[in-house]
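The values are calculated or read from the model by the stated rules, or taken from the named source; none is laboratory data. Everything quoted here is computed from the prediction, not taken from an experiment. Quick reminder, even Gly has a Cβ in these numbers, built from the backbone with ideal geometry, and neighbours come from all protein chains shown.
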Protein chains: 2
Amino acid sequence: MTVDLQLAPKTKRAAGERCCEPVVLPDIDREQAARLAEVAKALGDPIRMQLVDVLRRHAGKVCVCELVPLFDIAQPTLSHHLKRLRAAGIVDSERQGLWAYYYVLPEALDELSAWLG
Amino acid sequence: MTVDLQLAPKTKRAAGERCCEPVVLPDIDREQAARLAEVAKALGDPIRMQLVDVLRRHAGKVCVCELVPLFDIAQPTLSHHLKRLRAAGIVDSERQGLWAYYYVLPEALDELSAWLG
DNA sequence: GCTGCAGATCGACCGTCATCGAGCCGACAC
DNA sequence: GTGTCGGCTCGATGACGGTCGATCTGCAGC
């Protein structure tokens, strides 16, 4: 008995009226939303935002030893932020002897920029 | 004696050579970086990214009761995400009787879009 | 061999966030 | 008045993220 308990008439509105026409799109590509959210989350830190800004303005490979004095954080912390940016596909690195150089991969930022219109 | 211990010649490179020319800009407007990072952090969640996408595509005020069935999360959780988006200045809300309607404030997204170029 | 340096990684601490249920409040119908 | 519904707020909890010191890895020079 009471098998229709989960099918109770919960669709009954306050007085049968609707709040607004149901024209919202039912599904928006979730995969793209997940990728864009990952890029946005990587940019969601002031230090990482400034890091990307410096690398974008320089328009070339920048040595880590030049990035450290720009921020008042320890070197391991900066390395951690660069690793997060690289995991999100925003930047990439290249080692030359002692030093490491970072540069921007424009694809991720371009996709976010295209979504913003 | 040894008063110049803190001023030791730490500038001495490995062999006197520099890793790269010091042309990185010393300071990038930190306030703007903080604002952009706040907007990006608010977008750094798949559900919030889809929420903004729905509100942008609808180009009008959307009732919360229409947003709830689009995601498999509880209604308080959706309200939490909307609150975060509103705190970041991305959306705003307006109550009409029983229902609440949310809409996009384009300024925040426009600033991020302008920075992305 | 040893020493020093640039950068990455690890472990730990602590703050913030996402999620949920429970409860509260305002508006409407009766 | 009471009941009901839509939505928000409050706690609690588990997970994630930023930061640091300490340590490790390569590399260059002695």
Item to check | the range B:65-100: number of residues that are more than 8 Å from DNA strand D (Cβ to nearest atom) and either in contact with a Phe, Trp or Tyr (Cβ under 6 Å, 6 or more places away or on another chain) or outside any helix (DSSP H, G or I) (or both) | outcome: 12
Checklist entry - Just wondering, is there one or more residues in the range A:48-64 that are near DNA strand C (Cβ under 10 Å from one of its atoms), under 30 Å from residue B:46 (Cβ atoms) and modelled with pLDDT of 95 or more? => result no
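Look through B:36, B:70 and report the one residue that is buried (at least 16 other Cβ atoms within 10 Å of the Cβ) and modelled with pLDDT under 95.
Working: B:36 fails: modelled with pLDDT under 95.
Of B:36, B:70, the one residue that is buried (at least 16 other Cβ atoms within 10 Å of the Cβ) and modelled with pLDDT under 95 is B:70.
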Checklist outcome for this item: The correct count of residues that are near DNA strand D (Cβ under 8 Å from one of its atoms) and without any contact (Cβ under 8 Å) to a residue 12 or more places away in the chain in the range B:101-117 is 0
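For the range A:72-85, which residues satisfy the criterion of being under 13 Å from residue A:52 (Cα atoms) and either more than 8 Å from DNA strand C (Cβ to nearest atom) or without any contact (Cβ under 8 Å) to a residue 12 or more places away in the chain (or both)? Reasoning before the result, please.
Applying the first criterion (under 13 Å from residue A:52 (Cα atoms)) to the range A:72-85 yields A:78, A:81-85.
Residues satisfying the conditions are A:81, A:83, A:84, A:85.
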Item to check | Scan of the range B:48-61 for residues that are more than 8 Å from every other protein chain (Cβ to nearest Cβ) and among the aliphatic types (A, V, I, L, M), ordered by number | outcome: B:51, B:52, B:55, B:59
